[in-house]
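Let me begin by handing over the structure; questions about it come next.
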Amino acid sequence: MAAEAVPAIETMTYREALRLAMREELERDPSVFLMGEEIGVFQGSYKVTGDLFEQFGPERVMETPISEEGFVGAAVGAAMSGLRPVVEIMTLNFIVVAMDQVVNHAAKVRYMFGNKVGCPMVIRTPNGAGNQLTAQHSQSFEGWFANVPGLKVVAPATPSDARGLLKAAIRDDDPVLVIENLQLYKAKGEVDTSVDGAVEIGKAKVVREGTDISLVGHSFAVTRALHVAEKLQADHGISAEVVDLRSLRPLDMETVAASVSKTNRALCVEEGWASYGVTAEIASRISLACFDDLDAPVGRVGMAEVPMPYAKSLEDAALPHEDKILAAALEVCGA
């Protein structure tokens, strides 16, 4: 009988975990390659690609022109031809330039070709606000893309899931958008490097057990929710369960519904605008799945419904900070 692998737990940043996933997949599969603006010598705007250009060279880590529509389209063609491109968009805000390639081409290839041709590509990109990057660089559009059949959307909240979901996305035979919140790049966490670590797409995770209210979110909203859960317990004696969605499409409503059925209350949190957003979808589904279990209307917290201001004081006022989440949770609990 083969001996079980001894866990090799390493503490690393979210940024380092993403880089590790790409390195492991580049080594594992020769059809994998990276594309993006300044991801080689400059290592990308947020230094996620690191030394991969030095290790794998320009044929596997490809610099692109400043033309999102052009190089995302090239990646679609490469994926249809049997390669597995991993495209870095400098910021999610710039993906708007390539919306036609993402929504009308990548997401529809399998359908348009009767399941005979796939599009195994990944687009990874940071989103979110908090660095005074103002209105055109501080947005969270993942709800737009989760709306599109044929496109998968994942949003890891921890270094371990960043590695695991990116690896799963690279191996997937359909296009996957990997959302990386800017505030998470420096976040540290434990990663077991002794195992492959791929995380199944479409599986949420309860990251904190509780009995009185379910806080449901994705990406950086999970970090905020965990902090709020501690305050609820310490200051108000309220036990909050935190559910990390991890994947927005496909969406794991079974885990969410099981949590809400236990706690009888729910608050949905996101970094983006709540109107027509991720929290709107989750709240609607909770109301349908858990109607008889709910003791209060489902709460929602998101960014203020304005373009993100530049002034730090106004930016802080617009963001879904922990005080806003705490107040909403207390309201849902009737406290």
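Setting aside same-chain residues fewer than 8 positions from residue 186, which aspartates and glutamates have a Cα under 17 Å from its Cα?
Cross-link targets: 10, 16, 161.
Another question about this same structure. Where does helix 14-28 land angle-wise versus the long Cα axis of the chain, in degrees 0 to 90, nearest 10?
So the helix axis and the longest Cα principal axis differ by about 40 degrees.
I've got another one for you. With 29 Å as the limit, write out which pairs from 108/312; 116/152; 47/312; 47/167; 188/312 have Cα-Cα distances beyond it, or answer none.
Numbers: 108/312 41 Å; 116/152 19 Å; 47/312 25 Å; 47/167 19 Å; 188/312 25 Å.
Violating the 29 Å limit, Cα to Cα: 108/312.
Also, quick follow-up: Note down the nm distance, to one decimal, between modelled labels 7 Å out along Cα→Cβ at residue 42 and at residue 67.
The modelled label-to-label distance comes out at 1.7 nm.
Explain nothing, just compute: Karplus ³J(HN,Hα) = 6.51 cos²θ - 1.76 cosθ + 1.60, θ = phi - 60°, for every residue of segment 168-180 in order, whole Hz, x for Gly and Pro.
Karplus-based 3J(HN,Hα) across segment 168-180 equals 5, 5, 5, 7, 5, 8, 10, x, 10, 9, 9, 8, 10 Hz.
Can you tell me, using C-alpha contacts under 8 Å and at least 6 residues apart, the relative contact order of segment 205-333 as a whole percent? Write down the numbers at each step before the final one.
Working: 243 pairs, mean separation 34.9, N = 129.
It comes to 27 percent, rounded to a whole number.
What's the angle, to the nearest 10 degrees (0 to 90), between helix 253-263's Cα axis and the longest principal axis of the chain?
It works out to around 20 degrees.
Which GluC sites (Glu not before Pro) in segment 115-207 pass both tests, a DSSP loop state and at most 15 other beta-carbon atoms within 10 Å? Walk me through the intermediate numbers first.
Numbers: sites: 142, 180, 190, 200; in loops: 200.
Listed in order of number, the matching sites are 200.
Now for a different question. How far is helix 278-289 tilted off the main Cα axis of the chain, in degrees rounded to 10, range 0 to 90?
60 degrees
Next question, about the same structure. Grab the Cα-Cα distance for residue 291 and residue 314, subtract it from 0.36 nm times how many residues apart they are, and report the gain in nm with one decimal. Could the numbers behind the result be given before it?
Numbers: separation 23, 0.36 × 23 = 8.28 nm, distance 3.72 nm.
Net length gain for the segment: 4.6 nm.
Given the Cα-Cα distance of residue 28 and residue 335 and 0.36 nm per residue of separation, how much length would full extension add, in nm?
Numbers: separation 307, 0.36 × 307 = 110.52 nm, distance 5.28 nm.
Contour length minus Cα-Cα distance gives 105.2 nm.
In terms of Cα to Cα distance under 17 Å, which lysines are near enough to residue 205, apart from those fewer than 8 places away along the same chain?
262
Something else about it: Rounded to the nearest 0.05, what FRET efficiency do residue 111 and residue 59 have when you use their Cβ-Cβ distance and R0 = 25 Å?
The computed FRET efficiency comes out at 0.20.
Same structure again: Which order do 11, 279, 64, 263 fall in if you start with the one that has the fewest other Cβ atoms within 10 Å? It would help to have the intermediate numbers written out before the result.
Details: 11 10, 279 27, 64 20, 263 23.
Sorted ascending by nearby Cβ count, the order is 11, 64, 263, 279.
In addition: Only counting other Cβ atoms within 10 Å, I'd like 15, 23 sorted with the fewest neighbours first.
Taking fewest neighbouring Cβ atoms as first place, the list is 23, 15.
None of the figures in this text is laboratory data; all of them are computed from the coordinates on show. Predicted model, so just to flag it, every value in this text is computed and none were measured. Here the Cβ is made from the backbone with ideal geometry for all residues, glycine too, and neighbour counts use every protein chain on show.
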